[in-house]
Every structure is written in structure tokens, then in C-alpha cells.
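Right, one structure below, let's go through it.
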Amino acid sequence: MTPSRPLSGIPAGRPVRIVDVADKRTRLRLLSLGLAPGTTIQVWRNRNGSVVIGRHHDRMAVGRDLAERILVQEETP
């Protein structure tokens, strides 16, 4: 089992599973986007600004501050 890391530290092209969030506000924001702990997502882009993630055929950008509060584990392909 790989250790959990902030989403902001995951390079593009990696599938990850959301394992935890830092606070209630962040958890509610993720739930409003349809992302709950246990959800597997793909990191499409991670540069200086926002982190672009995808799930199924949907893609969305989350701000760096939000990405730092989302803990994920890398999934093995």
C-alpha cells in the first residue's frame, strides 16, 4: 500500500484514489463535485496553477489550495 500524499504532489498521467480530506469544508466541496473518499480519478495536468483531474469522461480543474487538502494514494494500473 502506497502512502497517502496531497493531490497537488501527484504528477500528470497518474490514477489516484481519494483517501481523505483535510477539513469538513473541503469534504463538502468534493461531494458537490461528485468526488467522495474512495473515488478513483486521473490526474491530467499538474503545473503551477490548478490541477486538472478526470473521472470517466468528465474533467475539471481544482485550485492548488484545494488540491493540497485532498489526500490520495496512487493506484497501480
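Values quoted throughout were computed directly from the atomic coordinates according to the rules given, and no laboratory measurement underlies them. The shown structure was predicted, so the numbers you read here are calculated from the model rather than taken from an experiment. Methodologically, a virtual Cβ is constructed for each residue, glycine included, from the backbone with ideal geometry; neighbour enumeration extends over all protein chains shown.
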In segment 1-32, which residues are farther than 15 Å from I53 by Cβ, out of contact with any strand residue (DSSP E or B) (no Cβ under 6 Å at 6 or more places or on another chain) and assigned to a loop (DSSP other than H, G, I, E, B)?
M1, P3, A22, D23
Counted residues in segment 17-67 being under 19 Å from P3 (Cβ atoms) and in contact with an Asp or Glu (Cβ under 9 Å, 6 or more places away or on another chain) come to 4
Quick check on my filter: what residues within segment 1-12 are out of contact with any helix residue (DSSP H, G or I) (no Cβ under 7 Å at 6 or more places or on another chain) and either hydroxyl-bearing (S, T, Y) or surrounded by 11 or more Cβ atoms within 10 Å (Cβ to Cβ) (or both)?
T2, S4, R5, G9, I10, A12
